[in-house]
Amino acid sequence: ARQAVEEFDTVEQETKRLRSLETVAWNVPAVEESPSARHPRLNVPDDFCVVGVDGSHIDVDRNIAAQCYLINIGASVITYGSDADARLSNAPRLYVYDDDLVIRDRHHPFHWQPIEGTVLGAKRTVEEMKALVALVKELPEALPTLALVDGSLLLIGLVGRGSNDFVARELIEEGFVPALEELRTMARTRPLVLAGYI
């Protein structure tokens with residue numbers, strides 16, 4: 001593994017990335033510097049907080065009488081330093097109503113998409129981001145904070161859904177992006193960094 005990191009060729013990787021744009025329907029991230037690059041250690045503040053969210057879900061089961069799904073959002077808020085603390089929580093929610101089970105196209109009332117599979121995974125990601133925003137808002141503004149979300153900051157599974165652009169609009173443009181914008185707005189007035197981990 002160490003040898004692979006040391007020998008990683010960023011120029012070759014960029015060539016492959018550009019070539020892949022012809023065959024894949026999403027943006028492949030660029031590797032801007034070698035994974036073997038070394039940087040001086042940063043000074044970590046004495047007091048700081050790490051906030052993380054991670055969700056899980058149970059998909060619709062067509063073999064049971066009640067059509068429903070469950071999204072559970074787990075969260076941790078760990079504060080380091082002079083006022084050390086740890087808060088762990090989870091918030092399960094069962095979706096059972098007709099409006100919970102589908103995404104409807106506002107412009108074409110007979111167009112709808114069931115919330116299941118990939119779409120349910122994307123909805124869970126949106127709910128994770130909303131939960132992260134709510135947690136960060138509760139923290140003191142002066143407290144340096146690292147906000148973590150499990151998974152990519154891209155909703156790749158919704159790209160290329162064809163005629164179901166209303167699904168991407170509701171989940172990405174009206175759900176995911178506003179949550180990211182809210183975090184960016186908060187980061188302008190407080191020490192806040194957002195990261196996704198896989």
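The values are calculated or read from the model by the stated rules, or taken from the named source; none is laboratory data. Worth saying up front: this structure is predicted, and the values here are computed from it rather than measured. We place every Cβ from the backbone using ideal geometry, glycine too, and count neighbours over all the protein chains shown. Ligands, DNA and RNA are stripped out before the accessible areas are found, and what is left, the full protein with its side chains, is counted by its heavy atoms. Shrake-Rupley method; radii C 1.70, N 1.55, O 1.52, S 1.80 Å.
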Item to check | Tabulated pairs, the range 1-28, first closer than 20 Å to Ser152 by Cβ, second outside any loop (DSSP other than H, G, I, E, B), C-beta under 7 angstrom, 6+ apart or interchain | outcome: Trp26/Ile156; Val28/Arg17; Val28/Ser20
Checklist outcome for this item: Per the filter on the range 19-37, residues at pLDDT below 90 and more than 25 Å from the chain's Cα centre (by Cα) are Arg19, Glu22
Item to check | Conditions (1) of a type outside the set (Phe, Trp, Tyr); (2) farther than 30 Å from Arg169 by Cβ; (3) surrounded by 14 or more Cβ atoms within 10 Å (Cβ to Cβ); number of the one not met by Ser89 | outcome: (3)
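Could you run through the range 38-66 and say how many residues are of a type outside the set (A, V, I, L, M), surrounded by 10 or more Cβ atoms within 10 Å (Cβ to Cβ) and at pLDDT 90 or above?
Within the range 38-66, the subset of a type outside the set (A, V, I, L, M) is 38-41, 43, 45-49, 52, 54-57, 59, 61-63.
Applying the additional criterion that residues be surrounded by 10 or more Cβ atoms within 10 Å (Cβ to Cβ) yields 45, 47-49, 52, 54-57, 59, 61.
Restricting the remaining residues to those that are at pLDDT 90 or above gives 45, 47-49, 52, 54-57, 59.
Number of matching residues: 10.
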Next on the checklist: Six or more apart or on different chains, Cβ atoms under 6 Å: show the pairs whose first residue is in the range 98-120 and touching a residue at least 60 places away in the same chain (Cβ under 8 Å) and whose second is assigned to a strand (DSSP E or B) and open to solvent by 100 Å² or more (accessible area, probe 1.4 Å).
Outcome noted: Arg104/Trp112
Next on the checklist: Please go through (1) free of Cβ contacts under 8 Å to residues at least 60 places away in the same chain; (2) crowded, with 16+ Cβ neighbours inside 10 Å for Ser152 and return the number of the only condition it doesn't satisfy.
Outcome noted: (2)
Checklist entry - Among the residues of the range 96-109, is any at pLDDT 90 or above, open to solvent by less than 40 Å² (accessible area, probe 1.4 Å), of a type outside the set (Lys, Arg) and within 13 Å of the chain's Cα centre (by Cα)? => result no
Checklist outcome for this item: Pairing a residue in the range 172-196 that is modelled with pLDDT under 90 with any residue that is small (Gly, Ala, Ser), where Cβ atoms lie under 9 Å and the two sit 6 or more apart in sequence or on different chains, gives Ile172/Ala122; Gly196/Gly151; Gly196/Ser152
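Tell me whether the range 43-56 contains one or more residues that are of a type outside the set (Val, Ile, Thr), on the phi > 0 side of the Ramachandran plot and in contact (Cβ under 8 Å) with a residue 24 or more places away in the chain. Give the derivation first.
Applying the first criterion (of a type outside the set (Val, Ile, Thr)) to the range 43-56 yields 43, 45-49, 52, 54-56.
Cutting the leftovers down to on the phi > 0 side of the Ramachandran plot gives us none.
The answer is no, given that none of the residues of the range 43-56 is of a type outside the set (Val, Ile, Thr), on the phi > 0 side of the Ramachandran plot and in contact (Cβ under 8 Å) with a residue 24 or more places away in the chain.
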Checklist entry - Could you list, in sequence order, the residues of the range 167-192 that are under 18 Å from Ala131 (Cβ atoms), surrounded by 13 or more Cβ atoms within 10 Å (Cβ to Cβ) and among the β-branched types (Val, Ile, Thr)? => result Ile172, Val177
Checklist entry - For the range 1-31, how many residues are open to solvent by 90 Å² or more (accessible area, probe 1.4 Å) and of a type in the set (S, T, N, Q)? => result 3
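Is it the case that Val159 is at pLDDT below 95, under 17 Å from Val177 (Cα atoms), of a type in the set (A, V, I, L, M) and crowded, with 21+ Cβ neighbours inside 10 Å? Break it down stepwise before answering.
Numbers: at pLDDT below 95: yes; under 17 Å from Val177 (Cα atoms): yes; of a type in the set (A, V, I, L, M): yes; crowded, with 21+ Cβ neighbours inside 10 Å: no.
Spelling it out, it is not the case that Val159 is at pLDDT below 95, under 17 Å from Val177 (Cα atoms), of a type in the set (A, V, I, L, M) and crowded, with 21+ Cβ neighbours inside 10 Å.
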